[in-house]
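A quick write-up on the structure given underneath.
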Amino acid sequence: MAKKVLMKGNEAIAEAAISVGCIHFFGYPITPQTEVAEYLAKRLPKVGGLCLQAESEVAAINMTLGAAAAGTRVMTSSSSPGISLKSEGISYIAGSDLPCLIVNVQRGGPGLGGIQPSQADYYQATRGVGHGDLRLIVLAPSSVQEMASLTAQALDLADIYRMPAMLLADGALGQMMEPVDFSAFPKRDVPEKTWATVGHNNARPHNIVNSLYIDPQVLEDSVKARYQRYAEVEKNEVQYEEFMTDDADIVLVAFGITARICKSAVTAARAAGIKAGLLRPITLWPFPKDAISAAADHAKALMSVEMSMGQMVDDVRLAVNGKKPVYFYGRTGGMIPSVEEVTKEICSLANAL
Amino acid sequence: MKTVFDRPHALCDVPLHYCPGCTHGIVHRLVAEVIDELGVEGKTIGIAPVGCSVFAYNYFNCDMIEAAHGRAPAVATGVKRTHPDNVVFTYQGDGDLAAIGTAETVHVAARGENITIIFINNAIYGMTGGQMAPTTLPGQVTTTSPYGRDRKIQGNPIRVCEMLSTLDGTALAARVSVDTPKAVINAKKMIKKAFQNQLDGKGFSIVEVLSTCPTNWGMSPTDALQWLRDNMIPYYPLGTYKDIDAQEA
Ligand SMILES: Cc1ncc(C[n+]2csc(CCOP(=O)(O)OP(=O)(O)O)c2C)c(N)n1
Ligand code: SF4
Ligand SMILES: [Mg+2]
């Protein structure tokens with residue numbers, strides 16, 4: 001039987017990356033993700049890799065871009081304010097069709113915000129993580145095991161679709177300790193990186209990694225070609241988990257740490273005779289629209305529960321498309337909703353229906 | 001018949017977009033000649049900046065990456081640290097290297113990254129149409145210093161080679177010009193040394209080339225060269241500000 005190791009979420013990200021051959025890391029310290037870099041600083045020199053502390057997140061993401069352009073499996077990690085600084089580089093990475101992993105262990109914002117867990121970078125991750133028409137694959141773990149397994153998956157997905165992937169975690173998942181099994185990550189075939197700038201060795205024309213297209217028609221064509229790949233991602237890579245949704249009158253939608261709280265709240269509501277269920281998006285992009293739309297066909301109402309002022313709720317509403325009412329409950333600024341709070345919300349919604 | 005003048009292999013056979021009399025073209029040729037002479041085209045990765053030389057990725061025959069404005073040294077770091085046996089160089093303007101990318105420039109030197117930077121100082125933002133650069137001279141008129149650069153308002157120019165020569169990671173920091181045939185020969189010598197240093201694992205090398213922008217200076221190419229001699233060279237003296245070989249000797 002596979003051996004489980006007790007680990008912090010941030011350490012699990014780091015170890016999982018190493019286990020799938022990502023041994024190059026560029027970052028800049030910021031709470032609550034610093035353990036990723038600290039763990040890698042210890043481990044990577046021993047496995048022939050490199051953990052380099054950059055002068056800023058701006059530099060770190062561009063080092064990541066350089067390594068990715070040269071065909072290296074590479075990652076960077078940060079927390080909310082640092083991701084804002086990385087956004088320029090992320091846009092260039094997307095525009096240059098480069099694969100890499102970007103980890104965001106979210107904290108409260110805006111501004112310097114706080115250092116407690118948050119999910120208020122949902123818009124940033126799924127909408128505004130850089131200028132231009134672009135998407136990131138966004139994976140949202142909700143356990144330390146998933147911090148590891150989704151890190152491994154994100155690196156494969158980035159390589160397969162030649163685009164950046166983000167692990168959108170939060171400070172609670174980063175700091176909590178749980179047992180992890182590193183033996184069972186499904187391996188996928190990833191294409192050879194014939195486009196990489198590693199020196200042409202006088203054997204092929206020069207490769208160019210670039211995001212500049214001065215001719216608008218050429219730029220439009222290049223963006224459209226990229227969006228065809230995005231369509232493939234939307235078709236093939238949606239992941240979500242359903243918990244007691246089959247007969248649910250009230251379907252909660254929640255991701256990450258909030259989904260764990262919601263699971264307990266659903267159980268508590270069921271004990272009180274309310275038919276509640278939970279749909280947990282694992283991929284935030286591609287978003288599980290069809291699953292949510294299907295849930296809306298049989299539920300009486302949906303409720304998005306988030307650690308923000310309500311961001312994913314927009315996507316839930318788009319998926320439900322007016323079929324049923326969609327409610328929101330959230331805490332923000334680093335406040336974590338309690339099981340009791342969410343259960344109470346479910347109960348009062350049930351009474352109102 | 002013996003060929004005495006030909007296009008270097010490392011320079012692609014495509015039309016360059018530079019304005020007539022712009023010295024970017026000369027420096028491209030020198031870099032390409034050096035890559036040919038060292039026989040490293042097959043293992044070289046060049047990083048283009050944002051600035052007039054943005055299309056350098058189409059001009060150099062080696063593998064090329066186009067970086068964001070000012071980030072070329074960080075991109076170069078990512079390439080070099082994961083592929084230490086490759087030759088990695090950046091080609092950057094003054095706005096790119098000494099304004100928006102100052103942090104990346106200083107830290108690539110401080111880390112002693114084993115890369116080569118070719119730095120084109122033309123005291124202006126060429127690409128965007130003649131705005132003030134960090135290297136714009138006191139009194140110099142640009143579109144964003146229309147009354148001349150006033151130190152009290154727009155601050156002082158940065159002398160990049162002098163600044164980087166104070167850092168332990170810098171192996172070579174030299175300022176050259178390409179305003180005369182003799183200067184061109186010397187510039188090539190320095191560029192070659194900057195690449196040779198990398199092959200020898202000596203660490204960070206930068207060659208700053210004083211360059212003209214006849215278009216945005218509003219001068220003929222020959223007047224521009226004379227303006228460079230009369231104004232830029234006194235403020236930015238030519239010479240080698242750091243050379244670890246000379247220090248060891
Ligand atoms: C983030 C960002 N800010 C501003 C610009 C606009 N911009 C393009 S080139 C340039 C200045 C280039 O000047 P320099 O680096 O001196 O190069 P030159 O054109 O003189 O060779 C600026 C400000 C940009 N492309 N990206
Ligand atoms: S604008 Fe100036 S720097 Fe740019 S190509 Fe023309 S002369 Fe050269
Ligand atoms: Mg300039």
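The values are calculated or read from the model by the stated rules, or taken from the named source; none is laboratory data. Note that the structure is a prediction, hence the values are computed from the model and not measured. For neighbour counting, all protein chains shown are included, and Cβ atoms are generated from backbone atoms with ideal geometry for every residue, glycine included. Accessible surface is based on the protein model in full, side chains and every heavy atom, while ligands, DNA and RNA are left aside. Shrake-Rupley method; radii C 1.70, N 1.55, O 1.52, S 1.80 Å.
The table below lists the values:
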| item | result |
| --- | --- |
| Equivalent-ellipsoid semi-axes of chain A, from the Cα gyration tensor, Å, largest first | 35, 23, 18 |
| Rg followed by Dmax, in Å, when the stretch A:93-171 is reduced to its Cα trace | 12.8, 36 |
| Close Lys-Lys pairs in the stretch A:241-352, where close means Cα under 21 Å and separation is 8 or more or interchain | 15 |
| Buried accessible area, chains B and A (both chains, 1.4 Å probe, Å² to nearest 100) | 2500 Å² |
| Heavy-atom accessible area, 1.4 Å probe, ligands and nucleic acids excluded: residues of the stretch A:58-84 down by at least 40 Å² from chain alone | A:N62, A:M63 |
| Cα Rg, Dmax, the stretch B:1-55, angstrom units | 12.4, 42 |
| Whole-number percent relative contact order across chain A, with pairs defined as alpha carbons under 8 Å at least 6 apart | 17 percent |
| Set of lysines near A:K187 by C-alpha distance (under 23 Å), chain-local residues within fewer than 8 positions excluded | A:K3, A:K4, A:K235 |
| Residue-normalised accessible area of the stretch A:228-313, expressed per residue, 1.4 Å probe, Å² | 36 Å² |
| Mean separation of Cα contacts under 8 Å, 6 or more apart, over the residue count of the stretch A:241-352: relative contact order % | 30 percent |
| Buried on assembly, the stretch B:44-61 (at least 20 Å² less accessible surface than by itself, 1.4 Å probe) | B:I45, B:F55, B:Y57, B:N61 |
| Solvent-free Debye scattering, log10 I(q)/I(0), computed from the Cα coordinates of the stretch B:24-248 at q = 0.12 Å⁻¹ | -0.58 |
| Residue mean of other protein chain beta carbons inside 10 Å, B:32-42 | 1 |
| Accessible surface of chain A, 1.4 Å probe, proportion on carbon and sulfur as whole % | 54 percent |
| Candidate lysines for bridging to B:K202, where Cα separation is under 26 Å - those fewer than 8 sequence places away on the same chain excluded | A:K46, B:K43, B:K80, B:K188, B:K189, B:K192, B:K193, B:K242 |
| Carbon and sulfur %, accessible surface of the stretch B:44-122 computed with the full protein complex present, 1.4 Å | 55 percent |
| Helix A:80-95 axis, angle to chain A major axis (alpha carbon atoms, nearest 10°) | 60 degrees |
| Mean accessible surface per residue for the stretch A:86-200, computed with a 1.4 Å probe while every protein chain stays in place, in Å² | 32 Å² |
| Radius of gyration and maximum dimension Dmax of the stretch A:241-352, Cα, Å | 12.4, 34 |
| Where A:L6, A:L168 fall by accessible area, highest first, once all protein chains stay in place (1.4 Å) | A:L6, A:L168 |
| Per residue, in Å², the accessible surface of the stretch B:1-110 once ligands and nucleic acids are set aside, probe 1.4 Å | 33 Å² |
| Two-decimal log10 I(q)/I(0) for the protein assembly as shown, as the Debye equation yields it once each C-alpha is a single scatterer, q = 0.06 Å⁻¹ | -0.37 |
